[in-house]
Amino acid sequence: VWAVNPRNDTLDALVGYLNQYASQFFESTNVRCRLDVPETLSSVVLPAKVRHDLFLVVKEALNNVLKHAQASEVSVAITESAGVLGIAIEDNGRGFDAATSAENRPGDGLKNMPGRMAKIGGGFFLASLPGQGTKIKLTIKLNGESNAKATNG
């Protein structure tokens, strides 16, 4: 419901919602959640589809940290620079062999994340090694053609 409400169509609203969601998600767990968000953001309008898919990818990444990583800490860092939104999620958990094909992993979460980002014209980067935690980086150009396409497709 949040994603389709036009009152939430700004970058600031998205970042605020992600901040609140991540804080509450880890609140009653043994995982410490560190958040690094800019004090000020541009007044960019983000279509509902972009907000929805970004949120679902972040939600899946946080769920994976809690469910699989055996981490004691996760950091969520949000940046805005040169018209690009970046969201980095990094944990200090057990990691895994990222070179292993997604088809050989259980579940669909990691398989769906790059596809969701591609649908909205964004980028997806995953780095992980056994014993070294996992880092996911999401990027999307703000106010670009990719956002316009996301509203039409």
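All of the numbers you see were taken from the coordinates with simple rules; none came from a lab. Here the structure is a predicted model, which is why all the values come from computation and not from measurement. Here the Cβ is made from the backbone with ideal geometry for all residues, glycine too, and neighbour counts use every protein chain on show.
With a Förster radius of 30 Å applied to the C-beta separation of residue 36 and residue 70, the computed FRET efficiency comes to 0.85.
Database remark: amide H of residue 10 closer than 5 angstrom to the amide H of 46 (H placed geometrically; neighbours at sequence offset of 5 or more, or on other chains; Pro and chain starts carry no H). What is the calculated FRET efficiency for residue 82 to residue 24, with r their C-beta to C-beta distance and R₀ = 30 Å, to the nearest 0.05? Here the calculated transfer efficiency is 0.45. Indicate the gyration tensor shape class of the range 19-61 (rounded, prolate or oblate), computed on the Cα atoms with a ≥ b ≥ c the square roots of the eigenvalues: a/c under 1.5 is rounded; otherwise a/b larger than b/c is prolate and the rest oblate. Taking the square roots of the gyration eigenvalues as a ≥ b ≥ c, the range 19-61 is oblate. Each eigenvalue of the Cα gyration tensor of the range 16-136, multiplied by 5 and square-rooted, gives one semi-axis; in descending order these are 23, 18, 13 Å.
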